[in-house]
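Written below as structure tokens is the structure these notes are about.
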Amino acid sequence: MNPSVRLTSAGETFSRVATRLLDELAQAEKEVSANTFSGRLTIQCLPTFAMHWLMPRLAELNEIHPELTVDVTTSIGPVSFASPFDIAIRRDPAHFSGLKPVPFLRESSLLVCSQQYLHSRPLVSPNQLDDHIKIQIRARNDLWKRWHSHFPNDHHKNNQIITLDHTFAAMQAAEDGLGLVVMPYLFCEKHLKTGRLVAPFGDLTIDTGTYSLLWNDRQDEAVRKFTHWLQSFELPRETSLPFTSEHTVTR
């Protein structure tokens with residue numbers, strides 16, 4: 001401004017009032033933005049968990065909380081901070097990446113195979129699996145170890161082993177009659193109900209972990225609603241699992 005040009009008294013008053021009003025408007029905009037509900041959430045979880053458990057239940061979430069929009073991203077191993085997320089879901093404590101876990105779902109696993117395999121190679125008991133083909137999941141090599149810990153095999157006879165990288169591949173191999181696999185019930189539930197897989201000892205399950213929510217920095221109403229919804233779930237009672245009763249079970 002030209003130094004020779006000065007505001008009149010009325011102009012100075014207008015300038016002060018206008019500046020104050022603009023400051024108040026900017027502050028009001030910040031407060032409204034901070035209080036505006038954002039119902040979009042990004043959930044980072046394991047691919048198999050997303051495919052077989054989370055995705056089939058999102059329609060139910062939409063009925064209960066239509067104001068929430070859930071974007072699902074998948075990754076394996078430790079929680080990745082390479083892409084933004086609001087909540088992560090993991091089972092292995094080694095993969096929590098320093099985030100505080102909120103447990104919400106227990107994982108139980110059981111022995112499954114195809115009806116064709118069971119007819120061709122009958123099973124006697126959960127700890128007598130000699131001469132059977134074992135399908136092993138490379139990413140979940142703990143499953144067979146835990147099974148044998150619960151149901152020891154005194155003979156220690158080597159089985160033929162098929163090792164596959166992922167859970168879905170192992171489940172498909174079992175469905176195709178290639179062998180036996182120890183599978184988390186929450187992943188094979190639909191296959192058991194439709195008869196694509198059977199559980200020779202379906203009333204016998206082993207605990208194989210707990211899934212936990214891992215909050216990132218965001219902790220608002222949308223996060224609380226999603227968390228509360230997830231915590232309303234629990235695995236079905238083991239006695240409700242489908243099984244074949246024609247076998248004698250010995251421990």
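The values are calculated or read from the model by the stated rules, or taken from the named source; none is laboratory data. All values derive from a computational prediction rather than experimental measurement. For neighbour counting, all protein chains shown are included, and Cβ atoms are generated from backbone atoms with ideal geometry for every residue, glycine included.
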Scanning region 37-62 for residues that are more than 15 Å from Leu230 (Cβ to Cβ) and more than 17 Å from the chain's Cα centre (by Cα) gives Phe37, Ser38, Gly39, Arg40
Matching option when the condition is at pLDDT 90 or above, in contact with a helix residue (DSSP H, G or I) (Cβ under 7 Å, 6 or more places away or on another chain) and farther than 20 Å from Arg57 by Cβ, among Leu197, Leu213, Leu178: Leu197
May I ask you to say which residue of Pro66, Pro126 is more than 18 Å from the chain's Cα centre (by Cα) and assigned by TED's automatic domain parsing to the domain that holds Gln172? Pro126
Only unsatisfied item for Ile161, checking (1) crowded, with 21+ Cβ neighbours inside 10 Å; (2) outside the structural domain of His52 (by TED's automatic domain parsing), is (1)
Among the residues of region 69-89, which ones are in contact (Cβ under 8 Å) with a residue 60 or more places away in the chain, touching a helix residue (DSSP H, G or I) at 6+ places or on another chain (Cβ under 9 Å) and not aliphatic (A, V, I, L, M)? Asp86
Could you tell me whether region 130-150 includes any residue that is assigned by TED's automatic domain parsing to the domain that holds Gly179, exposed (fewer than 15 other Cβ atoms within 10 Å of the Cβ) and on the phi > 0 side of the Ramachandran plot? yes
What do you reckon, is Ile135 touching a residue at least 40 places away in the same chain (Cβ under 8 Å) and either under 24 Å from Leu180 (Cβ atoms) or out of contact with any strand residue (DSSP E or B) (no Cβ under 9 Å at 6 or more places or on another chain) (or both)? yes
